[in-house]
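Trainee: My questions all concern the structure below.
The values are calculated or read from the model by the stated rules, or taken from the named source; none is laboratory data. Every value quoted in this text rests on a predicted model; they were computed, and no experiment measured them. So basically every Cβ, Gly included, is an ideal-geometry build from the backbone, and we count neighbours across all protein chains shown. Areas reflect the complete protein model, heavy atoms only, side chains present, ligands, DNA and RNA absent. Shrake-Rupley method; radii C 1.70, N 1.55, O 1.52, S 1.80 Å.
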Amino acid sequence: MGANVPKQMLEIDGKPILRYTIEKFLSLPFDVKIILVMNKGAKQMWKDYCRTSGFVFPHILVEGGITRFHSVKNGLKYVEKDGVVAIHDGVRPFISKDSLVEIYKLAEERGTAIPCMKSVESMRMLNETGDYIYVDRDKYFSVQTPQIFKSDLLLESYEQAYSTDFTDD
């Protein structure tokens with residue numbers, strides 16, 4: 001984002017974006033266990049912010065990995081089986097509380113729930129010869145977060161080796 005601080009620490013109305021995201025999860029009508037996965041520099045900034053602002057809540061702070069896959073895997077070390085786990089981007093604070101509750105409910109019923117949005121942008125695909133080909137945007141969806149799973153399913157999935165094909169959970 002071109003800022004001199006990690007994007008999750010950028011402030012909106014005097015609070016880091018990450019705080020808004022966490023407050024959304026803490027407002028849910030059921031208990032959640034917060035596991036924050038952050039790079040080393042952001043971790044110290046977060047600790048300093050929590051100490052100086054008085055933003056205190058139970059959470060586990062974990063160092064991120066070299067890719068999203070590795071970061072999630074680091075966080076999953078603190079997840080128990082027989083639960084439900086949400087993987088969410090800390091700089092996405094604007095999901096509604098009702099949507100969060102519904103996604104959790106669907107994941108509990110079906111094993112997983114991932115919000116997706118229809119594409120509204122025009123899209124083109126680059127073919128092997130370097131030509132742009134029109135694609136029907138009605139056939140494409142943008143995968144969003146939180147991606148919520150029964151924890152045993154997600155833990156088992158992360159036992160496999162890393163592949164560059166993995167871009168989401």
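Trainee: Hey, can you tell me all the residues within region 1-33 that are over 15 Å from residue 93 (Cβ atoms) and assigned to a strand (DSSP E or B)?
Mentor: The answer is none; no residue qualifies.
Trainee: Right, another one. Please state which one of 60, 66 is at pLDDT 95 or above and either more than 24 Å from residue 143 (Cβ to Cβ) or open to solvent by 20 Å² or more (accessible area, probe 1.4 Å) (or both).
Mentor: Residue meeting the stated conditions: 60.
Trainee: With (1) without any contact (Cβ under 8 Å) to a residue 12 or more places away in the chain; (2) among the hydrophobic types (A, V, I, L, M, F, W, C); (3) in contact with a His (Cβ under 6 Å, 6 or more places away or on another chain) as the list, and residue 34 as the residue in question, which single condition is left unmet?
Mentor: (1)
Trainee: Here is a further query. Please note which strands (runs of 3 or more DSSP E) are completely contained in region 91-169 and include at least 3 residues that are in contact (Cβ under 8 Å) with a residue 60 or more places away in the chain and open to solvent by less than 90 Å² (accessible area, probe 1.4 Å).
Mentor: Per the criteria, 147-150.
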